[in-house]
Amino acid sequence: MASEEVKVIGAWASPFVMRPRIALNLKSVPYEFLEEPFGSKSELLLKSNPVHKKIPVLLHGDKSVCESNIIVEYIDETWSSSGPSILPSHPYDRAIARFWAAYIDEKWFVPLRNILKAEGEEEKKAVIAQVEEGNALLEKAFIDCSKGKPFFNGDHIGYLDIAFGCFLGWLRVTGLAAGHKLLDEAKTPSLSKWAERFCNDPAVKPVMPETATLAEFAKKIFAKPQA
């Protein structure tokens, strides 16, 4: 089964699409990347993910797997003998990693997205404060999970590293647009050093968008209509 053809339906700028791509790179699994045009949904996407109709989708032979974190788990289990284990080996550590991954998607990401949509300085300051509160929680989570090692998962990138690290490009771009450094080494020193290690990892570097290119893309999708 692991030898069947692998494809990823996605978009280069999507942090959620980065997750399966990083996981496949960690496992040294070759795959074809099928770029979805921005603002439209291909027939293949609608056929492969008829419930949510969104990216990413992993195509593995004649099977499709949806939802980014579920795809990462599928990759880890399917190619368990290749590359490092992505999920922690201990059940408690796996539960903690899944808890924080859910927090990132359900709580932390919402205000980050809203910074570029904020109307006025007060609203922008409020959502920036929410992101920084989340960063402080994730700083503590990193210290607890890493146990003094380079990544949340220990010696190598794992599930929680991927879940949070996929947003680092957007964190930089959003901070530049807002005129506020969102990941500040003075406030979250451990997380800031981790972010640098994560972005320089060979499994991440090829799929992490260039800041300038992502910034141009952000200007287009978050452009406010002229009055």
Handout entry: Number of positions in the range 67-96 that are part of a helix (DSSP H, G or I) and closer than 24 Å to GLY10 by Cα
Key = 11
Exercise for the section: Answer yes if at least one residue in the range 45-66 is in a helix (DSSP H, G or I), surrounded by 14 or more Cβ atoms within 10 Å (Cβ to Cβ) and out of contact with any helix residue (DSSP H, G or I) (no Cβ under 7 Å at 6 or more places or on another chain), and no otherwise. Expected result: yes
Handout entry: Unique match (being without any contact (Cβ under 8 Å) to a residue 40 or more places away in the chain and not assigned by TED's automatic domain parsing to the domain that holds PRO209) among LEU46, LEU59, LEU26
Key = LEU46
Fill in the blank from the handout: Exactly one of LEU137, LEU116, LEU176, LEU168 is of a type in the set (A, V, I, L, M) and either touching a Leu at 6+ places or on another chain (Cβ under 6 Å) or in contact (Cβ under 8 Å) with a residue 60 or more places away in the chain (or both), and that residue is LEU116
Exercise for the section: Name every residue in the range 179-210 that is surrounded by 14 or more Cβ atoms within 10 Å (Cβ to Cβ) and within 20 Å of ARG21 (Cβ to Cβ), in order of residue number. Expected result: TRP194, ALA195, ARG197, PHE198, CYS199, ASP201, ALA203, VAL204, VAL207, MET208, PRO209
Practice task
Quick one: in the range 69-118, of everything that is assigned by TED's automatic domain parsing to the domain that holds PHE16 and within 15 Å of the chain's Cα centre (by Cα), which residue is nearest to LYS7 (Cα to Cα)?
Solution key: ILE71
Handout entry: Subset of the range 32-44 that is in contact with a helix residue (DSSP H, G or I) (Cβ under 8 Å, 6 or more places away or on another chain) and assigned to a strand (DSSP E or B) - its residue that is surrounded by the most Cβ atoms within 10 Å (Cβ to Cβ)
Key = LEU34
Practice task
For the range 54-70, indicate whether the set of residues that are within 14 Å of TYR159 (Cβ to Cβ) and of a type in the set (A, V, I, L, M, F, W, C) is non-empty.
Solution key: yes
Practice task
Please note which helices (runs of 4 or more DSSP H) are completely contained in the range 152-200 and include at least 2 residues that are over 19 Å from the mean Cα position of the chain (by Cα).
Solution key: 168-178
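The values are calculated or read from the model by the stated rules, or taken from the named source; none is laboratory data. Computed from a predicted structure; not experimentally measured. As a convention, Cβ positions derive from the backbone with ideal geometry for all residues, glycine included, and neighbour counts pool all protein chains shown.
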